[in-house]
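Visitor: First, the structure itself, so that you have it in front of you.
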Amino acid sequence: QVQLEESGGGLVQAGGSLRLSCTASGRTLATVGWFRQAPGKEREFVAAITRSGDRTYYADSVKGRFTGSRDDAKNTGYLQLNSLKPEDTAVYFCAAGWEGGSYYLRQQYTYWGQGTQVTVSS
């Protein structure tokens, strides 16, 4: 069993930055997925960082603006959000327990955090 706790969300103006954290307990964090869900929309893939940290994957909408990383000593994954836009406003979730296959599909992840709100004002 893995427990995930996100932090780092908040209210920021367009063009600003935030860094989200996802700390795991109960098991060593392997592949970390990041998803987001805006009101009235489906939860969508944002980024994934592989266990070794040598590969990262991003949704087209965030490429060049968001960066995933990890600190295995802290059992924590990070998502740096730069050049934020109002359309980035959503609850951001981290996910773990990737079961193989596509990193982009939420069904491939077993464990989820409670989410952290990111609000970008124009």
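The values are calculated or read from the model by the stated rules, or taken from the named source; none is laboratory data. This one's a predicted model, so the numbers in the text were calculated from it and none came from an experiment. No Cβ is skipped: glycine too gets one built from the backbone with ideal geometry, and neighbour counts run over all protein chains shown. Areas reflect the complete protein model, heavy atoms only, side chains present, ligands, DNA and RNA absent. Shrake-Rupley method; radii C 1.70, N 1.55, O 1.52, S 1.80 Å.
Visitor: So is THR116 in contact with a Gly (Cβ under 6 Å, 6 or more places away or on another chain) and without any contact (Cβ under 8 Å) to a residue 40 or more places away in the chain or not? Step through it out loud before you land on a result.
Guide: Numbers: in contact with a Gly (Cβ under 6 Å, 6 or more places away or on another chain): yes; without any contact (Cβ under 8 Å) to a residue 40 or more places away in the chain: no.
So THR116 fails the test.
Results for (1) within 21 Å of GLU5 (Cβ to Cβ); (2) exposed (fewer than 15 other Cβ atoms within 10 Å of the Cβ); (3) polar (S, T, N, Q), shown as yes or no for each residue.
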| site | (1), (2), (3) |
| --- | --- |
| THR31 | yes, no, yes |
| TRP34 | yes, no, no |
| ALA38 | no, yes, no |
| ALA47 | yes, no, no |
| ARG51 | yes, yes, no |
| THR56 | no, no, yes |
| ARG70 | yes, no, no |
| THR76 | yes, no, yes |
| TRP112 | yes, no, no |
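Visitor: Taking only the stretch 78-92 into account, find how many residues are within 19 Å of SER21 (Cβ to Cβ) and either of a type in the set (Asp, Glu) or open to solvent by 50 Å² or more (accessible area, probe 1.4 Å) (or both).
Guide: 3
Visitor: Now, a different point. Restricting to the stretch 75-105, give me the number of residues that are among the β-branched types (Val, Ile, Thr) and either part of a loop (DSSP other than H, G, I, E, B) or free of Cβ contacts under 8 Å to residues at least 40 places away in the same chain (or both).
Guide: Of the residues in the stretch 75-105, the ones among the β-branched types (Val, Ile, Thr) are 76, 89, 91.
Now drop any that are not either part of a loop (DSSP other than H, G, I, E, B) or free of Cβ contacts under 8 Å to residues at least 40 places away in the same chain (or both), which leaves 89.
Of the residues in the stretch 75-105, 1 are among the β-branched types (Val, Ile, Thr) and either part of a loop (DSSP other than H, G, I, E, B) or free of Cβ contacts under 8 Å to residues at least 40 places away in the same chain (or both).
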